[in-house]
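As structure tokens, the structure follows; a few thoughts come after it.
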Amino acid sequence: MEYYRIKYFKKKEYIPRCVSLLKELRRGLDTKIPERRLNETLIFGSWNIREFDSNSKKFGPRKEDDFVYIAEIISRFDVLAIQEINDDLVPLQKVMRMLGDEYEYILTDVAAWKSGGNNERLGFIYDKRTVKFNGVAGELVLPQNMLIRNNDGVIERQFARTPFKCSFQAGWFKFKVTTVHIYYGKDSEESNHFKRRVEEIDKVAKLISENAEKEGGKKDPSTNWFNPYNYFIVGDFNIVNENNVTYDALAKYGFETIKNRKGSNKDRTKFYDQISYYKTSNLDFDWKDSNRSTGKDHNNTDRIFNFFNYIYTEAQFPLFKTDIVNYITRNKASFKEDIEELAIKIEGIEAELALDTLSKTRRKTLERQLKKANETHNYTKNLVALKTEELTDFYLNSPWNTFQVSDHLPLWAEINIDKSDEYLDNSF
């Protein structure tokens, strides 16, 4: 990490905060993510870096110190699959400058907005000192007989964001990894949008598993040594949980998934992000039993790094109060529109409640709506008035802080890549 770049922040007032929070973040990373060990292990991961950095929802753009925190997290990985990298690459290049010349990235072009791709890129960031790009990269295109149902239920389309596959090698370990950002659509499992989501997972798993089976079949019977590529599908699958049909779409094609006790979103309730793998032979990778694990079973540990335990914490609110105030002030007109709309809504509910003909059920519903509308109305007025309690709540609970770093938490896996003993035992 090229920490000296912090000296050149345009806003000098960010420097003390950045140094303080960076030290907290480094402490957390040291505790939760295993130390990188050249030629012994591979720290491999996936991270959806929320809308990096389009500012389409107007919660940003990200501040100078946010790029440092993002770079620090990335620096703990040998190779990291990334999602939601937007059209403008200047923000990513800021992160890459912080990481230094040892790091490289490879990305797709942007996926079309109208197809559900939201002008996003998929890709990988890797440390050239530990990981070699083996020269093969490509986006997955479905054959005609595997096309996906559109939102109207008609079979006619490719992926919303085309999965991206690259081949890498670290030590003895060769792996082909496909990163995805699966279409989301709607929550209702009966909707065509949800069915489209399941189909995208199903089709990418089917394609990659067929490639993996071919890889496993390449072994020459005349030799005892076989070092094939192993296959991974990682990224934002928008999987509900391991008991849902979205998860089954991976499992039925032979993919195993690293299971986490909690989800990978900010409040740890959603299991959208996954690292899944398909082993191609018995003589392949092993999971490293690090001291972060509770046992040899790799599913026994929490392999998600929750950076919100170290940055953007409640105790750090005073450090960000000025940024929150600036955000509210900058968007005051929008907040005032919300206040006016809520006042009209409250007036309408009160008028209906005054009617004598209301049923008890309807009256109770309106009373709940009125209570909520009044609470929101008062909250928004106090927020615009820059009251500390509401500013603190906004800092902690609004989407604002997820647009500074991300609403997804990075996943990690530690893999043993030293196969020297196996080679010596089986080759002579």
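The values are calculated or read from the model by the stated rules, or taken from the named source; none is laboratory data. For clarity, every value in this text was computed on a predicted model and none was experimentally measured. Every residue, glycine as well, gets a Cβ built from its backbone with ideal geometry; the counts of neighbours run over all protein chains shown. Remember, those area values only see protein heavy atoms, side chains included, never the ligands or the DNA or RNA. Shrake-Rupley method; radii C 1.70, N 1.55, O 1.52, S 1.80 Å.
Considering every alpha-carbon pair of the chain, the percent of pairs per 20 Å bin, from zero through the bin containing the longest distance, is 23, 51, 22, 4, 0. The sum of -39500 (n - 2.57) across all DSSP H runs of n ≥ 4, divided by the residue count of the chain, sets its helix-only mean residue ellipticity at 222 nm to -11500 deg cm²/dmol.
Between Glu210 and Lys252, the contour length at 0.36 nm per residue exceeds the alpha carbon distance by 13.9 nm. Under a model in which nothing but the beta-carbon of Lys, Arg (+1) and Asp, Glu (-1) is charged, the chain shows a dipole of about 640 debye around its Cα centre. Once C-alpha pairs closer than 8 Å and six or more residues apart are averaged by separation and normalised to the residue number of the chain, the relative contact order reads 20 percent. From the alpha carbon centroid of the range 333-406 to that of the range 16-59 is 36 Å. In a simple Cβ point-charge model (Lys, Arg +1; Asp, Glu -1; nothing else charged), the range 1-103 has a dipole of about 520 debye relative to its Cα centre. Under a crude label model (7 Å from the Cα following the beta-carbon direction), how far is Lys219 from Asn39 in nanometres? It is 2.8 nm. In plain terms, the chain from Glu375 to Ser167 could stretch by 69.5 nm, reckoned as 0.36 nm per residue minus the Cα-Cα distance. Note on Ala112/Lys7: beta-carbon distance plugged into 1/(1 + (r/R0)^6) with R0 of 51 Å gives a FRET efficiency of 0.80.
Going by accessible surface with a 1.4 Å probe and the largest first, Glu102, Glu84 read Glu102, Glu84.
Excluding same-chain neighbours fewer than eight residues apart, the lysines reachable from Lys23 by a Cα-Cα span under 25 Å are Lys7, Lys10, Lys11, Lys12, Lys32, Lys63, Lys94, Lys266, Lys321. Three principal axis extents describe the C-alpha atoms of the range 288-428; from largest down they are 92, 42, 23 Å. Beyond 28 Å in Cα-Cα separation lie the following of the pairs Lys128/Lys262; Lys214/Lys419; Lys176/Lys203; Lys186/Lys381: Lys128/Lys262; Lys186/Lys381. Between Met146 and Thr357, what's the calculated FRET efficiency when r is the beta-carbon distance and R0 is 60 Å? Round to 0.05. Efficiency, from the Cβ-Cβ distance: 0.55.
Looking at the chain, what % of its DSSP beta bridges pair antiparallel, to the nearest 5? Taking every DSSP beta bridge with both residues in the chain, the antiparallel ones total about 75 percent. Going by accessible surface with a 1.4 Å probe and the largest first, Tyr126, Tyr8 read Tyr8, Tyr126. Rounded to a whole number, what % of the accessible area of the chain do carbon and sulfur atoms account for, probe 1.4 Å? So the carbon and sulfur contribution to the accessible surface is 47 percent.
With a Förster radius of 45 Å applied to the C-beta separation of Asp267 and Thr329, the computed FRET efficiency comes to 0.95. Distance from a point 7 Å along Cα→Cβ of Asp302 to each backbone N in the range 17-49: keep the residues under 12 Å and list them by number. Output list for this probe position: 32.
Looking at the chain as a GNM with Cα springs under 10 Å, which of Thr376, Thr31, Thr41 has the largest mean-square fluctuation? Maximum fluctuation in the GNM of the chain, among the listed residues, is at Thr376.
The length gained on full extension between Ser188 and Thr313, counted as 0.36 nm times the residue separation minus their Cα-Cα distance, comes to 41.6 nm. Computed from point charges on the beta carbon alone (+1 for Lys and Arg, -1 for Asp and Glu), the dipole magnitude for the range 348-428 about its Cα centre is near 1020 Debye. Of the residues Gly116, Val68, Asn86, the one whose Cα sits farthest toward the positive end of the charge dipole of the range 66-125, with +1 on the Cβ of Lys and Arg and -1 on the Cβ of Asp and Glu, is Gly116.
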